[in-house]
Amino acid sequence: MIFCDTSTLAKFYIEEPGFLAVRRAFESSQQIQASELARVELMSVLHRRLREKKWTEAQFLSATNQFTRDDLAGCWKWLPLAPAVTEAAAQTFATLPANIFLRASDCIHLVTALHHKIDTIHTHDRHQAAAATTLGLKTIAL
């Protein structure tokens, strides 16, 4: 089982450094889990590549269509944005050390992992990795 954030999930669809390692890891895992938030964030990441002209419209449509097919095939297990998760994420900031940089959406990924008793998150986001350690999670960047 792999729990990942959007930075890792995106590498499954975008050929950039880390792409092949993520592909290999995901294809050898029986289950890939992520917060439901990652579903929306991934589409935003893909659209950003179109908006910034890093991709043509055909490349964008190819990636979004592949994601939709993978999603419908059950490749991803989406963990819900339950009220307990969003409440815990909000409370996390009350005790977070002042020197830790953590965005709200990254906090939701980390708290989702904690809520589901997952101890390791796959991330390529250095800020999220630092915050994960502070919250007691291990991190892996494939």
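The values are calculated or read from the model by the stated rules, or taken from the named source; none is laboratory data. Source: prediction; values computed, not measured. Note that we place each Cβ from the backbone using ideal geometry, even for glycine, and neighbour counts take in every protein chain shown.
Here are some notes:
- You will find that of Thr95, Thr139, the residue that is farther than 22 Å from Met1 by Cβ and of a type in the set (S, T, N, Q) is Thr95 and no other.
- Residues satisfying the stated conditions in the range 26-36, i.e. in a helix (DSSP H, G or I) and surrounded by 13 or more Cβ atoms within 10 Å (Cβ to Cβ): Phe26, Glu36
- Qualifying residue in the range 56-73 (condition: closer than 22 Å to Ala104 by Cβ and either touching a residue at least 60 places away in the same chain (Cβ under 8 Å) or touching a strand residue (DSSP E or B) at 6+ places or on another chain (Cβ under 9 Å) (or both)): no
- Residues located in the range 1-25, provided they are surrounded by 20 or more Cβ atoms within 10 Å (Cβ to Cβ), part of a helix (DSSP H, G or I) and out of contact with any Phe, Trp or Tyr (no Cβ under 6 Å at 6 or more places or on another chain): Thr6, Ser7, Thr8, Leu9, Ala10
- Taken together, Thr86, Thr112, Thr68 contain a single residue that is modelled with pLDDT of 95 or more and touching a Pro at 6+ places or on another chain (Cβ under 9 Å), which is Thr112.
- Residues satisfying the stated conditions in the range 25-81, i.e. within 17 Å of Met1 (Cα to Cα) and basic (Lys, Arg): Lys77
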